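Scroll down for the structure; my scribbles are underneath it.
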Amino acid sequence: MNKISMVYYFKNPEKEDGVIDTLIFVRFDRILQLNFETEEIKNIYIFKNPLRRQPEFFTMNDKQETLIIASQQEGIYLNITNKSQLKSRIMSLVEGFKKDNMDKLFSNDKQIEKSKIEESSDTSDKDEKNDKVHELQSKPTARENLDDSIFKTSQPEVDLDQFYNIGLMKEIIHDEEDKVFYILANRYDEKLGFFLLRMNDSEPSDYKFLTKWKNKLDLGDADLFVLRDNVKGHKELVISYKTIYINTYNIMIYDISSSEID
């Protein structure tokens, strides 16, 4: 295995005995697992739009269902369960009356077209008509086309640099308690600066920039950490970094005790 991220996870045990024997790695083009007992390697997911460089960041939630992999220039958010969840929601919506009526509406389209072919008064021979009927039967119905188009709208991958217009990502962490990712980027809208993004780990469109500071300075040696005081009920996000031309190491603290951050 080459071009593997230096970050890895122990895969959650799948059996009741709780034995942990598998590691999860990421490459620029896929997620894979290695069973260190049997030395067997399997692909978990192959990206449709792979990164162009070896990933520097790899962060997952505790259930290992949502994750972010990224180099400094580009990143991918992935929800492995996204498509199956959407399909379940849609099928529940078309149950009963709606589903019955849609089935009746869309199941007639082939039969109507078949009748037109069979009742055609042209001079086509029998073999030609049979070929047309066979071709018709192999085509998807309007209902099948509708289902397919709906399910395809839910893409498990999100291109972070394009979706949020960010770049030069310096650090990415996940907060399991609030179910969010925090991303510290050095570029937003083609401008250098300090940009801190908070996003819902199950819905990338639910996000907020906590800071947009266009100071035109490069960041380095960045780190993010969630600090908790369960006794006093405090919760803080600690951000540390250094900037070019400034001979100091900066530390900022955000109060994230509330889920609604002003």
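Descriptive notes on the structure:
- Among the residues making up segment 1-13, those that are surrounded by 11 or more Cβ atoms within 10 Å (Cβ to Cβ) and free of Cβ contacts under 8 Å to residues at least 40 places away in the same chain are Phe10, Pro13.
- Residue check, Phe28 in contact with a Lys or Arg (Cβ under 7 Å, 6 or more places away or on another chain) and at pLDDT 90 or above: yes
- Total residues in segment 1-25, condition at pLDDT 90 or above and farther than 23 Å from Pro156 by Cβ: 2
- Filter pass, Val231 being under 27 Å from the mean Cα position of the chain (by Cα) and of a type outside the set (Phe, Trp, Tyr): no
- Whichever residue in segment 50-65 is on the phi < 0 side of the Ramachandran plot and among the polar types (S, T, N, Q) and, among such residues, is surrounded by the fewest Cβ atoms within 10 Å (Cβ to Cβ): Gln54
The values are calculated or read from the model by the stated rules, or taken from the named source; none is laboratory data. Keep in mind that what you see is a predicted model, and the values were worked out from it rather than measured. Here Cβ is always computed from backbone atoms with ideal geometry, including for glycine, and neighbour counts include all displayed protein chains.
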